[in-house]
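Here the structure comes first, spelled out in structure tokens, and everything after it is commentary.
The values are calculated or read from the model by the stated rules, or taken from the named source; none is laboratory data. Quantities reported herein were computed from a predicted structural model and do not represent experimental measurements. Here the Cβ positions follow ideal geometry from the backbone for every residue, glycine too, while neighbour counts run over all protein chains shown.
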Amino acid sequence: MKKPSRPNLQRKQSDSKPLKLKGRYLDDKPASRVELKSRSGNSSVTGPIKRSPHAAQSHELPMPVVSKRGIVRAGNRPEIVEKSHLKDSGPVDETAANLSDEETELIYGRHSVQAALEKERTLNRIWITPQLRYDPRFHSLVNQAKANGSIVDEVDFRRLDQITDRAIHQGIAAQVSAYDYKELSELIAHAKSASEQPVLVVAEGLNDPHNLGAIIRTAEALGSQGMVIPQRRAVGITATVRKVAAGALENFPVARVVNLSRALEELKAAGFWIYGTAAKEGKAIHTVQFTGKLARPVVLVVGSEGDGLSLLIQRCCDELVSIPLRGNTPSLNVSVATGMALYEIYRQRGQLGFTLINNQGD
């Protein structure tokens, strides 16, 4: 009697279902090569597919990945490479993408850009919404800037959000050359030529651009002739500082120095009297005489947000002053304290225009 034949349980290679990748079928040939397109779709890369040690048993191949340099790599997990930092797939503005360059700077906000336009600063490029483009405040200024060589682009709010990284731009932004810091000697000469009793502000170690911008705005509004900031461990003039200053920087020179204590000694030699602000150690500012025969050019030194004035800078000061507080709050914001101190200086000197305001009301 004939024995029944056993069914062939071994699966033939031809019966196995081929794997599909990017529209192509891969079989088990040892030297398979596939053509993959990068995510951008601009170029294709050809490379070998590497096998997993267990590929023969599981018929699984690791997913090839096109890296940032166009190299096909294999691994257990796909790697996603993001080539664009923009939040959508719109066209990339090369000028906007290079705004981090040290030679250029981005300003935004109506007051900041308007002040730059009125001062006829060199604006490399202006981005403005159609609504603001024909606003009476900007129409002639933008046309003049365009005549002087500025590139003017009409864009929507979404594009401005991309350019300014979603800052409060108010419908306009501009690319300008980096801020032109003054030399300390230039600042001293400017202050003395602008006023017989000039007032300069020196800030030690400010790290918040909002505080620096607020101090600049207040100091310029009250009549100060300029400011000195350190080059290290402190914020410089940035787009945020310009925005908060609301155009004051177009009329307010800033010097940046390497050594702040040496700068104070140079200011002393130029005839300035150095007042440092201190929370507890200082004399109440309303009891200090900023007028009279002994009145001199003034330098008001303010400290950092958290630590105030360092001991080294305190020793460089001729006198320490403070703002008396009556409530339970132990301290003031540095920009608020600076504004109050400057106000007291100009109040004593009678340079706040009270007489003019009272005459208008009579």
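General observations
- Applying the condition of being of a type in the set (D, E, K, R) and surrounded by 12 or more Cβ atoms within 10 Å (Cβ to Cβ) to region 291-306 and asking which residue is modelled with the highest pLDDT yields Arg296.
- Index of the failed condition, Glu196 passing every other in (1) modelled with pLDDT of 95 or more; (2) part of a loop (DSSP other than H, G, I, E, B); (3) acidic (Asp, Glu): (1)
- Region 158-192, residues that are at pLDDT 95 or above and in a loop (DSSP other than H, G, I, E, B): Glu183
- In region 211-247, the residues that are surrounded by fewer than 24 Cβ atoms within 10 Å (Cβ to Cβ), assigned to a helix (DSSP H, G or I) and touching a residue at least 60 places away in the same chain (Cβ under 8 Å): Asn211, Ala214, Thr218, Leu222, Ala239, Thr240
- Output for region 275-305, where each listed residue is aliphatic (A, V, I, L, M) and more than 22 Å from Arg326 (Cβ to Cβ): Leu294, Ala295, Val298, Val299, Leu300, Val301
- Residues within region 278-333 that are without any contact (Cβ under 8 Å) to a residue 24 or more places away in the chain, within 24 Å of Ala263 (Cβ to Cβ) and part of a helix (DSSP H, G or I), tallied: 2
- For the residues Leu141, Leu123, Leu132, the requirement of being in contact with a helix residue (DSSP H, G or I) (Cβ under 6 Å, 6 or more places away or on another chain), surrounded by fewer than 20 Cβ atoms within 10 Å (Cβ to Cβ) and assigned by TED's automatic domain parsing to the domain that holds His169 singles out Leu141.
- Criterion: modelled with pLDDT of 90 or more, of a type in the set (Val, Ile, Thr) and within 16 Å of the chain's Cα centre (by Cα) - qualifying residue of Val155, Val235: Val235
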